[in-house]
Amino acid sequence: MEFESNCSLMKNTSASVAWSSKLPQGLDVEISHHPITLRCVANLIIAMERLNGGKGFTLRRDESLLNFLLESAVEVLELESVRTEASSRAAGFSSKGEYECSVTDSENKCWVLNEGSMELHAMMLQGGSSYHKVHLNLSTYITPVPSETKARPVALGIKGSNLYLSCITSEGTPTLHLEEVADKEQLKSINHESDMVRFLFYKQDTGVDISTLESAHYRNWFISTALQQDNTKMVNMCQRATPNRFTTFTVQRHN
């Protein structure tokens, strides 16, 4: 393959590579990429041919060679697409850190553990009863798959226990449960397609310490509490537009 140009290949100390060429009428073009791929080279050749009008920078008019370059570029693109898709499927949630917190709703009701029913209830606590307030170990996660929002995946465990909040279906409706996790190592890395995703919630901050907690397994379903005058004290899941339910919480960090 031969090129008629003052095209030069330049390397810098960081090992990135750039192609540059001086074009007629004072037009300069520089295309950089790291690392150089066949697709990059093919795109460079085609771009230079078009920019220069086929003059001063020519590829020997060998149609078979041109077809080979174009077909190879398409093949590289297809392989990269397959690898990206496979990487997205295999990508998982990785635990990054943990901190202690407590949660109150918009009416300042606290989460309280009802050990008899193994449920979380939202209640107003007065004075000496504040010790009933549940403290959570909130684990944060990162994922290589970009999120459409700035929400952060988290897992919520009851401090001093092996109990974690999970969202599963009951009679066809997503509901909030407390599940015992004997081996917490299972929660350090969670595959996107694993049923362990039921333990994850997307924490979306909507203000200073104000957040929503959306199920990662059942999108558009949020942890919620009922109005004070409602006798339903259980903390449960609901859709955002559900009337008489709060879906925003104050998440107070303790360390």
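The values are calculated or read from the model by the stated rules, or taken from the named source; none is laboratory data. Bear in mind that the values here come from a model prediction, so they are computed numbers and not experimental data. Note: ideal-geometry Cβ built from the backbone for every residue, glycine included; neighbour counts use all protein chains shown. With ligands, DNA and RNA removed, areas are computed over all heavy atoms of the protein, side chains included. Shrake-Rupley method; radii C 1.70, N 1.55, O 1.52, S 1.80 Å.
Quick check: the distance between the Cα centres of region 118-194 and region 226-249, to the nearest angstrom?
Between the Cα centre of region 118-194 and that of region 226-249, the gap is 17 Å.
Would you mind computing the Rg to Rh ratio of region 169-241 from its alpha-carbon coordinates, Kirkwood style for Rh?
Rg/Rh: 1.00.
Rolling a 1.4 angstrom probe over the protein chains, ignoring ligands and nucleic acids, what is the accessible area of residue 215 in square angstrom, nearest 10?
Estimated to the nearest 10 Å², residue 215 gives 0 Å².
Please list, by residue number, every one of the GluC sites (Glu not before Pro) in region 157-249 that is coil in DSSP and has at most 12 other beta-carbon atoms within 10 Å.
Here the GluC sites (Glu not before Pro) that fit, given the DSSP loop and packing criteria, are 171, 193.
Excluding residue 176 itself, calculate the net charge of residues whose Cβ lies under 11 Å from the Cβ of residue 176, where each Lys or Arg counts +1 and each Asp or Glu counts -1.
Value of the local net charge: -1.
Considering only protein heavy atoms and a 1.4 Å probe, what is the carbon-and-sulfur percentage of the accessible area of region 173-255?
Heavy-atom surface of region 173-255 belonging to carbon and sulfur, 1.4 Å probe: 44 percent.
Report the charge-dipole magnitude of region 180-239 in Debye, nearest 20, computed about the Cα centre from +1 at each Lys and Arg Cβ and -1 at each Asp and Glu Cβ.
That gives region 180-239 a dipole magnitude of about 80 debye.
Can you pick out the pairs among 159/188; 96/159; 96/150; 109/184; 159/203 whose Cα atoms lie more than 27 Å from each other?
109/184
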